[in-house]
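Working notes, beginning with the structure itself.
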Amino acid sequence: ASAINPFPQEAEQDYSMATFTGASSSPFSPEIAAILHAELGADDIEIKPDGALYLPESRYRKVLNKAFGPGGWCMIPRGPHTLHGGVLSREYALYCQGRFVSQARGHGAVQGFSNPAMASEGVKSNALM
């Protein structure tokens, strides 16, 4: 089975602005590096019902906001959503201070696709983590 685009309006979206501008052009300041390298506290880590440890998406946002300030970082879609075998996914690029930092494909299982907005937000959160 091939992947389908569950959000057909995205097919016409222009993704050309999501380039790799500023990638590896210079390191972030020592102050930003200290925030990004700070040790996690025990209260930052959560436990899933199956016993797995994880860092919630909200913690990643908190660290990025502290390091770069609100509005100093963003997740830019690199292409449309795809739905394949009950898994919704989309690729995102992380930009900080206008510079490309990283790229990841977020994904999430969807049952019935009854709430596309919530499923899409979950995919974006997964890409950030």
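The values are calculated or read from the model by the stated rules, or taken from the named source; none is laboratory data. Keep in mind the model is a prediction, meaning the values are calculated, not measured. We place every Cβ from the backbone using ideal geometry, glycine too, and count neighbours over all the protein chains shown. Areas reflect the complete protein model, heavy atoms only, side chains present, ligands, DNA and RNA absent. Shrake-Rupley method; radii C 1.70, N 1.55, O 1.52, S 1.80 Å.
Summary value for the range 61-126: 25 percent relative contact order, contacts being C-alpha pairs under 8 angstrom separated by 6+ residues. Note on the range 63-110: Cα-Cα pairs beyond 12 Å make up 63% of the total pair count.
Per residue of the chain, the DSSP helices (runs of n ≥ 4 H) give a summed -39500 (n - 2.57) that works out to -7500 deg cm²/dmol at 222 nm. With both labels modelled 7 Å from their Cα along Cα-to-Cβ, the Ser29 to Asn65 distance reads 2.0 nm. Cut-off 10 angstrom, C-alpha nodes, Gaussian network model of the chain. Which of Gly79, Gly106, Gly22 fluctuates the most? The residue that fluctuates most here is Gly22.
A simple spin-label model places the labels of Ala109 and Lys48 1.0 nm from each other, with each point 7 Å out along Cα-to-Cβ. Just to be sure I understand, if you calculate Cα Rg over 2.2 N^0.38 Å for this structure, which of [x] 0.92; [y] 1.06; [z] 1.18 do you get? Here the calculated entry is [z]. Under 13 Å from the Cβ of Asn65, count the other residues' Cβ atoms, weight Lys and Arg +1, Asp and Glu -1, and hand me the total. Around Asn65, the surrounding residues sum to +3.
Excluding ligands, DNA and RNA, the accessible surface per residue across the chain is 62 Å² with a 1.4 Å probe. Distance between the pseudo-spin-label points of Ala38 and Lys124 (7 Å out from Cα toward the beta carbon): 2.5 nm.
Across the accessible surface of the chain, with the other protein chains kept in place and a 1.4 Å probe, carbon and sulfur atoms take up 57 percent.
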